[in-house]
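Where a number appears in this text, it was derived from the coordinates with a stated rule and is not lab data. None of these values were measured; they are calculated from a predicted model. Cβ: placed from backbone, ideal geometry, glycine included. Neighbour counts: every protein chain shown.
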């Protein structure tokens, strides 16, 4: 019995000495598109395999957040979460040595948020977008789709201007849109039978006849946030 207790004691001491090494820390800041701090937002850190550690914290009044018990030299995906909106914004972070806290080189900035109805708000422009209907349409069908759409309690949806599509493309289309097609119709006609389109992947502009189904054209419709 004494020998057994001695073994247990040795194993326990070894665990304390070698199995409970110091953890590392990660600190960062959450900002909106106007670079104002976002307080009271849950921040989640998910360890990239093989560890699969999961941590949660909440931003302070100045938008800062901190994880103090992450594994050293490990990669984490850090993303915000809120019960009223979703965002595809996230950042990858690499923890440092044991006992050290690393500061993220740049803040986590949120431009696009989507609500429970699927309405996507661009916090840079103030525009609200409907998600991709995942359907190829002619220009006339896209106009009809926008006029008939009732989403988020709004009925004033319309096709975007060329400038609005260009602004969206320059920022890189956010994953929240889940766009499956390549081209989006604009509201601006080039001629009586043709209209301007924009490529969601490249930002390229082109004009096509209004009855053209080619190139997988979409109706990504928009409204002004009031």
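Annotations
- Convex hull volume of the C-alpha atoms in region 81-196, normalised per residue: 131 Å³.
- Scattering profile of region 22-110 at q = 0.14, 0.15 Å⁻¹ [log10 I(q)/I(0), Debye over alpha-carbon scatterers]: -0.44, -0.50
- Neighbour-count order for 23, 116, fewest beta carbons within 10 angstrom listed first: 116, 23
- Debye log10 I(q)/I(0) for region 48-94, one point scatterer per Cα, at q = 0.23, 0.29, 0.32 Å⁻¹: -1.00, -1.31, -1.38
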